[in-house]
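K.L.:
Pasting a structure here, questions to come.
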Amino acid sequence: MLYSWVKVFHIVFMVSWMAGLFYLPRLFVYHAESRAEDDPRRAILGAQFTVMERRLYTLIMRPAMWITWVTGASLVLMNQAFLHQPWLWLKVFLVALLTAYHVACGRTIGAFARGDATRSGEWYRVFNEAPTLVLVLAVALVILKDAITPGALGAVLIGTIVAVVAGYRVYTVARRRDADAPIA
C-alpha cells in the first residue's frame with residue numbers, strides 16, 4: 001500500500017512540475033514581447049512578469065521537481081528490480097533533461113530580472129515545446145516499459161516532433177492572419 005501512495009504523490013508532483021515547465025516559458029514569451037511596449041507600461045509589465053516567474057519557479061516548480069525526484073527514487077528503492085530494466089535508465093536520462101531545462105528556466109528568470117534577456121518571444125515559443133517532447137517519451141517508456149523497441153521510441157519522437165512543428169506552423173499562420181485582420 002505504501003508503494004501505491006508514493007506512486008500517487010510521484011504522479012501528482014510530476015504533473016505539477018510539468019505544468020510549471022509548460023507555463024513558465026509562456027510567461028517568457030509575454031515578458032519578451034512586453035519589451036516592445038512604451039514606458040511606463042514596459043516597466044510595469046516587466047516587474048509584474050518578474051514576480052510571476054519567480055513565484056512560479058520557487059513556490060511551485062522547484063518543490064514539485066524535488067518531490068518528483070524523491071518519490072521516483074523511493075519507488076525504485078521499493079522495487080529494486082527496476083534497476084535492471086533498460087527503460088528505467090532512459091527515463092532517468094529524460095528526467096535529467098527536464099531538470100536541465102528547469103535550471104535553464106531559472107537562469108532565464110534571472111536574465112529577465114537583470115534586463116539581460118535578449119531572446120525574442122518567438123524563440124521562447126519554440127523553447128516552450130521542449131518539455132512536450134520529453135514528456136511524451138517518458139510516458140511512453142513508463143506505460144510500455146520493455147515492450148517498446150528503440151525504433152518504436154524513435155518513431156514516437158519523430159511523430160511528436162512532426163506534430164509539434166505542424167501545430168506551431170498552423171499557429172504562426174493563424175497569428176499572422178489575425179494580426180493583419182482589420183479591427184471591427
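The values are calculated or read from the model by the stated rules, or taken from the named source; none is laboratory data. The shown structure was predicted, so the numbers you read here are calculated from the model rather than taken from an experiment. Note that we place each Cβ from the backbone using ideal geometry, even for glycine, and neighbour counts take in every protein chain shown. Side chains are part of the model used for accessible areas, which takes the heavy atoms of the whole protein and leaves out ligands, DNA and RNA. Shrake-Rupley method; radii C 1.70, N 1.55, O 1.52, S 1.80 Å.
K.L.:
Got a sec? Which of Ala113, Ala100, Ala140 is within 30 Å of Tyr3 (Cβ to Cβ), assigned to a helix (DSSP H, G or I), in contact (Cβ under 8 Å) with a residue 12 or more places away in the chain and out of contact with any strand residue (DSSP E or B) (no Cβ under 9 Å at 6 or more places or on another chain)?
P.N.:
Ala140
K.L.:
Between Arg107, Arg119, which is outside any helix (DSSP H, G or I) and among the basic types (Lys, Arg)?
P.N.:
Just one listed residue meets the conditions, Arg119.
K.L.:
Moving on to the next point. Please count how many residues of the stretch 93-111 are open to solvent by 50 Å² or more (accessible area, probe 1.4 Å), under 14 Å from the mean Cα position of the chain (by Cα) and modelled with pLDDT of 95 or more.
P.N.:
2
K.L.:
Looking at (1) in a helix (DSSP H, G or I); (2) more than 23 Å from Phe9 (Cα to Cα); (3) charged (D, E, K, R); (4) open to solvent by 40 Å² or more (accessible area, probe 1.4 Å), which is the one condition that is false for Arg125?
P.N.:
(4)
K.L.:
Now for a separate question. How many of the residues making up the stretch 31-46 are under 15 Å from Ala111 (Cβ atoms) and open to solvent by 50 Å² or more (accessible area, probe 1.4 Å)?
P.N.:
Within the stretch 31-46, residues that are under 15 Å from Ala111 (Cβ atoms) and open to solvent by 50 Å² or more (accessible area, probe 1.4 Å) number 1.
K.L.:
What number goes with the only condition from (1) open to solvent by 40 Å² or more (accessible area, probe 1.4 Å); (2) modelled with pLDDT of 95 or more that Leu83 does not pass?
P.N.:
Tallying (1) open to solvent by 40 Å² or more (accessible area, probe 1.4 Å); (2) modelled with pLDDT of 95 or more, Leu83 fails exactly one: (2).
K.L.:
Are there any pairs, at least 6 apart or on different chains, whose C-beta atoms fall under 8 Å, with the first in the stretch 145-167 and in contact (Cβ under 8 Å) with a residue 40 or more places away in the chain and the second among the polar types (S, T, N, Q) and surrounded by 12 or more Cβ atoms within 10 Å (Cβ to Cβ), and if so, which?
P.N.:
Lys145/Gln85; Asp146/Gln85
K.L.:
Go through the stretch 1-30 and report how many residues are in contact (Cβ under 8 Å) with a residue 40 or more places away in the chain, of a type outside the set (Phe, Trp, Tyr) and open to solvent by 70 Å² or more (accessible area, probe 1.4 Å).
P.N.:
Result for the stretch 1-30: 2.
K.L.:
Moving on to the next point. Considering each of Leu90, Leu157 in turn, give the residue that is at pLDDT 80 or above, open to solvent by 30 Å² or more (accessible area, probe 1.4 Å), part of a helix (DSSP H, G or I) and of a type in the set (A, V, I, L, M, F, W, C).
P.N.:
Leu90
K.L.:
Follow-up question, since we're still on this one. Report every pair of residues separated by at least 6 positions or lying on different chains whose Cβ atoms are under 6 Å apart, first residue within the stretch 75-93 and over 19 Å from Trp5 (Cβ atoms), second among the aromatic types (Phe, Trp, Tyr) and open to solvent by less than 100 Å² (accessible area, probe 1.4 Å).
P.N.:
Leu88/Phe82
K.L.:
Kindly list the number of the only condition in (1) closer than 18 Å to Thr99 by Cα; (2) open to solvent by 30 Å² or more (accessible area, probe 1.4 Å) that fails for Ala64.
P.N.:
(2)
K.L.:
Same structure again: Among Glu37, Glu53, which is under 21 Å from the mean Cα position of the chain (by Cα) and not small (Gly, Ala, Ser)?
P.N.:
Criteria check complete, one pass: Glu53.
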